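Asks: Got a structure for you, written out below as structure tokens; questions coming shortly.
The values are calculated or read from the model by the stated rules, or taken from the named source; none is laboratory data. Values in this document were obtained by computation on a predicted structure and should not be read as measured data. Using ideal geometry, Cβ is built from the backbone for each residue, glycine included, and neighbour counts are taken over all protein chains shown. Accessible surface areas use protein heavy atoms only, side chains included; no ligands, DNA or RNA. Shrake-Rupley method; radii C 1.70, N 1.55, O 1.52, S 1.80 Å.
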Amino acid sequence: VSDLAESNGVAHFGSIEVDSTFSSSSYAEIVVFRHGETEWNVDGRIQGQLDVELNDVGRQQAAAVAARLSKEPKVSVVYSSDLKRALQSAQTIWP
């Protein structure tokens, strides 16, 4: 994500600051990500609730997110819509 910067354990996203050095089991960390790319994204077409699958780039993007999240503490739960593009992305991250 191009708007994300980190320095001295503090992540900055736009005007939001998150102290990543905070260590406590009394909080939950929520990670939000968008599904990978589809051919309709490439074409600039709006998908809405149409069930469009990921393309090769989208599958690579989901794999990259999975690789990055594998460096974090264990993921407890993943929520996704039932649309193929979202479900494929989520299943790659949490098989």
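Asks: Quantify, in whole percent, the carbon and sulfur part of the accessible surface of the stretch 21-80 (1.4 Å probe; protein heavy atoms only).
Replies: Of all accessible area on the stretch 21-80, carbon and sulfur atoms account for 55 percent.
Asks: Going by average Cβ neighbours within 10 Å, how do the peptides 48-54, 66-72 rank, with the highest at the top? Numbers along the way, then the final one.
Replies: Numbers: 48-54: 13.3, 66-72: 11.6.
So the peptides 48-54, 66-72, ranked by packing, come out 48-54, 66-72.
Asks: Which order do the peptides 78-84, 55-61 take when ranked by the mean count of other beta-carbon atoms within 10 Å per residue, highest first?
Replies: Highest to lowest by the protection proxy: 55-61, 78-84.
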